Amino acid sequence: GNRIVPLENYGVKVASMGFLADETTPVIWRGPVVSGVVNQLIYETVWGELDYLVVDLPPGTGDVQMTLMENLPIYTGIVVSTPQMVALLDAHKGLSMFEKLEVPVLGVVENMAFFSCPSCGHNEEIFGNEAMEEFKKSRRLELLSRIPLQSAIRKAADAGAPVALEDSKLSEPYHKLADAVINYSPKY
């Protein structure tokens, strides 16, 4: 029928607004149109049986976020941010939105937390860590995982072979995050 069929690889199904236009065409939609498409992606996609439905949202507190919070039962939210102060400004807003809408938050994932040298193994916190530490402390968030900035992760993603499937040091932060989600018990 007129249903969306998600792409599937490695047992993970994916539907995205990005699939609705070619690679170079921007998606320039507002309000009701965006909300309608989000609802289509959720309710008109042939998901089949799922263990989890993970929704990756853009930063901020706009139409997409509000549509999902209003129309979908949310089990938990996870804040993902790089450790720079400017990125954490958006993270604060997103977290405040979750709180106002009474969505429990599991914790924070620090993306691009550090550069891990593939040659010598040294970890360099290029963007610092002070702002993230203050964010976690002031908002009382648990750190779920620290994802390093490393070209091997990007190369694996570009090749469509997630590093999380490997049994390596690079897969550890992803396994830690998955374990936190699987073992989550809401505190209602």
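The values are calculated or read from the model by the stated rules, or taken from the named source; none is laboratory data. This structure is a prediction, so every number in the text was calculated from the model and none was measured. With ideal geometry, Cβ positions are generated from the backbone for all residues, glycine too; neighbour counts draw on all protein chains shown. Just so you know, the surface numbers come from the protein's heavy atoms only, side chains and all, with ligands and any DNA or RNA stripped out. Shrake-Rupley method; radii C 1.70, N 1.55, O 1.52, S 1.80 Å.
Go through segment 99-109 and give me each residue that's touching a Ser or Thr at 6+ places or on another chain (Cβ under 7 Å) and outside any loop (DSSP other than H, G, I, E, B).
Across segment 99-109, the qualifying residues are VAL105, LEU106, VAL108, VAL109.
If ALA113 satisfies all but one of (1) open to solvent by less than 80 Å² (accessible area, probe 1.4 Å); (2) modelled with pLDDT under 95; (3) at negative phi; (4) among the small types (Gly, Ala, Ser), what's the number of the condition it fails?
Status for ALA113: all satisfied but (2).
Any idea how many residues of segment 56-94 are in a loop (DSSP other than H, G, I, E, B) and either hydroxyl-bearing (Ser, Thr, Tyr) or more than 17 Å from ILE42 (Cβ to Cβ) (or both)?
First, pick out the residues of segment 56-94 that are in a loop (DSSP other than H, G, I, E, B): 56-62, 72-76, 82-84.
From the residues that got through so far, the ones that are either hydroxyl-bearing (Ser, Thr, Tyr) or more than 17 Å from ILE42 (Cβ to Cβ) (or both) too are 59-61, 75-76, 82-84.
Selection size over segment 56-94: 8.
For residues that are in contact (Cβ under 8 Å) with a residue 24 or more places away in the chain and part of a strand (DSSP E or B), scanning just segment 117-161, find the one that is farthest from the chain's Cα centre (by Cα).
ASN123
One line per residue, one yes/no per condition, for (1) among the aromatic types (Phe, Trp, Tyr); (2) modelled with pLDDT under 95:
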{"site": "GLU99", "(1), (2)": "no, yes"}
{"site": "ALA131", "(1), (2)": "no, no"}
{"site": "PHE135", "(1), (2)": "yes, no"}
{"site": "SER138", "(1), (2)": "no, no"}
{"site": "LEU143", "(1), (2)": "no, no"}
{"site": "PRO173", "(1), (2)": "no, no"}
{"site": "LYS187", "(1), (2)": "no, yes"}
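Restricting to segment 19-35, give me the number of residues that are surrounded by 12 or more Cβ atoms within 10 Å (Cβ to Cβ) and either under 15 Å from THR67 (Cα atoms) or of a type in the set (Val, Ile, Thr) (or both).
Within segment 19-35, residues that are surrounded by 12 or more Cβ atoms within 10 Å (Cβ to Cβ) and either under 15 Å from THR67 (Cα atoms) or of a type in the set (Val, Ile, Thr) (or both) number 4.
May I ask you to list pairs of residues, at least six apart or on different chains, whose Cβ atoms are under 8 Å apart, with the first in segment 92-111 being within 12 Å of PHE135 (Cα to Cα) and the second being open to solvent by 20 Å² or more (accessible area, probe 1.4 Å) and acidic (Asp, Glu)?
GLY107/GLU142; VAL108/GLU142
I'd like the residue in segment 64-104 that is small (Gly, Ala, Ser) and surrounded by 15 or more Cβ atoms within 10 Å (Cβ to Cβ) and, out of all such residues, is nearest to LEU143 (Cα to Cα). Can you show your working first?
So the first thing to find is which residues in segment 64-104 are small (Gly, Ala, Ser), and the list is 77, 81, 87, 91, 94, 96.
Now narrow it down to the ones that are surrounded by 15 or more Cβ atoms within 10 Å (Cβ to Cβ): 77, 81, 87, 91, 94.
Values: GLY77: 13, SER81: 11, ALA87: 16, ALA91: 14, GLY94: 16 Å.
Among those that are small (Gly, Ala, Ser) and surrounded by 15 or more Cβ atoms within 10 Å (Cβ to Cβ), it is SER81.
Scan segment 38-67 residue by residue and report those that are under 11 Å from PRO6 (Cβ atoms) and hydroxyl-bearing (Ser, Thr, Tyr).
Within segment 38-67, THR45 is the sole residue that qualifies.
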